[in-house]
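Encoded as structure tokens, the structure appears first; notes follow it.
The values are calculated or read from the model by the stated rules, or taken from the named source; none is laboratory data. Quick caveat, the model's predicted, so the values are computed rather than measured. Don't worry about glycine lacking a Cβ; one is built from the backbone with ideal geometry, like all the others, and counts go over all protein chains shown. Side chains included, ligands, DNA and RNA excluded: accessible areas come from the protein's heavy atoms. Shrake-Rupley method; radii C 1.70, N 1.55, O 1.52, S 1.80 Å.
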Amino acid sequence: MMRPSTSVRTICAHCPNGTRLFSTTVHSLSQQNSDATPAPPPQAGYARLTSRGLISITGVDSTTFLQGLVTQNMLITNDPNRATRRTGSYTAFLNSQGRVLNDAFLYSLPQADLASPDESAWLIEVDKNEVASLMKHLKKHKLRAKLKLRALEDGERTVWASWKDHEQPRWAAYNLESPSSSPFSPSSSITGCVDTRAPGFGSRLITPGAEDLRTHVPDETQIAGSEVSLGTYTVRRMLHGIAEGQSEIIRESALPLECNMDMMKGIDFRKGCYVGQELTIRTHHTGVVRKRILPVQLYTGDQNALESAVAPVYDHTAELPQPPSASNMYKISARRARSTGKFLGGVGNIGLALCRLEMMTDVTLTGERTQYSPEQEFKVSWDAAGEGSSDQQEPGEVKVKAFVPSWTRDFILNGGVKKNTRSREAEEGHRAREFLEQLEEEESLRQKE
């Protein structure tokens, strides 16, 4: 009988060719069906996001109404005429305590579907299981606003994610503050936006009906590759450290900055008041976010094999027990059982976790000494599901290692939004001074002539 090889072909979000050999795979901890294990994500492809639902909001007050409820600015920044933004964007709905109710995408309804080009109409993309609760939240704040709310039926419109690694879509330069309402033709019923949650992550598209995306966008320069499963999209998302939906961004518990929404361009810190703004702004101005959602590697063997890894590596043949969502993580062999974060969800041997940065990573937030040690290992353990629970999960334990994506590290080390904004303002001021000096020099030469 031949011994199976322990080196398997796996995929890594940070490797140039997307693959590398990884030898810490653990098999047969649970007898899962290999057919149900998502395949590794391809370099280019698109996925039908059946886990997402849509709500339409139309009426003259729809833009003003959303402006008071979401973290994103519905108006073009610094526009003296306060013109309405016509482009899609990532955003969130918060409760009055500044906790996330729902992560969402906002899209301007295609002009082809509007009775008038000046009509205000939006589509809200949200976790499909949360459509009813978000509708309730919106109706609670509607009061006398002149607008209509409607949850779209299945098949009425379809949500897609599309990507081509290391290359933005042809319309990626399409600015969030563009006067155009869509990168597609005015007669098109397609709407969409660049997915800003990670660099080069791809784009989001909404198409009418339930047909394949190729039916609406046959152009290979816009949509590349072939359709993949929702599970494969989920693997790609987790490799990039992106949480999505309320199974991972825990409703009324998660804070937007801890969910990286500042880094993902989902929050406009310069807009006016909205529900949950006070705590969000206060946290932003402290300049320190001690916990963030990060991609993690699940394993059961020795940590030595992970020492050279710079990102989690997905192995679709690995069979590891999946911890329940919101399970606490702890240091192994620690004297004091203090939680180092919460496991949020995973696929196979990868996942997402809300991690205390100075305990689980080498990121330094302040001048104080951190508690991180490269040799320290972390675990998440759980008991069996209680009686009457729908989950027939056995008790278990698995080790977990957190990784900081390069863009997350750069964002933190650069001081986040505040420092980036200051550096942009300083750069613009420097260019303005150079331009003024150039004009003065030209005027001086003209006078001498």
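Structure notes:
- Every residue from segment 285-301 that is of a type outside the set (Lys, Arg) and at pLDDT 85 or above: His285, Val288, Val289, Ile293, Leu294, Pro295, Val296, Gln297, Leu298, Tyr299, Thr300, Gly301
- Residue within segment 303-311 that is of a type outside the set (Ser, Thr, Tyr), open to solvent by less than 50 Å² (accessible area, probe 1.4 Å) and within 24 Å of the chain's Cα centre (by Cα) present: yes
- Complete set of residues in segment 285-298 that are buried (at least 18 other Cβ atoms within 10 Å of the Cβ) and outside any loop (DSSP other than H, G, I, E, B): Lys291, Arg292, Ile293, Leu294, Pro295, Val296, Gln297, Leu298
- Test: residue in segment 205-220 that is of a type outside the set (S, T, N, Q), within 22 Å of the chain's Cα centre (by Cα) and open to solvent by 10 Å² or more (accessible area, probe 1.4 Å): no
- Residues being open to solvent by 10 Å² or more (accessible area, probe 1.4 Å), assigned to a loop (DSSP other than H, G, I, E, B) and either modelled with pLDDT under 90 or of a type in the set (Val, Ile, Thr) (or both) - total across segment 323-369: 13
- Members of segment 44-67 that are in a loop (DSSP other than H, G, I, E, B), closer than 30 Å to Gly225 by Cβ and of a type outside the set (Gly, Ala, Ser): Leu49, Thr50
- Filter result (of a type in the set (Gly, Ala, Ser) and surrounded by fewer than 21 Cβ atoms within 10 Å (Cβ to Cβ)) within segment 260-274: Gly272
- Restricting segment 55-89 to residues that are basic (Lys, Arg) and within 26 Å of the chain's Cα centre (by Cα), the residue that is nearest to Tyr274 (Cα to Cα): Arg85
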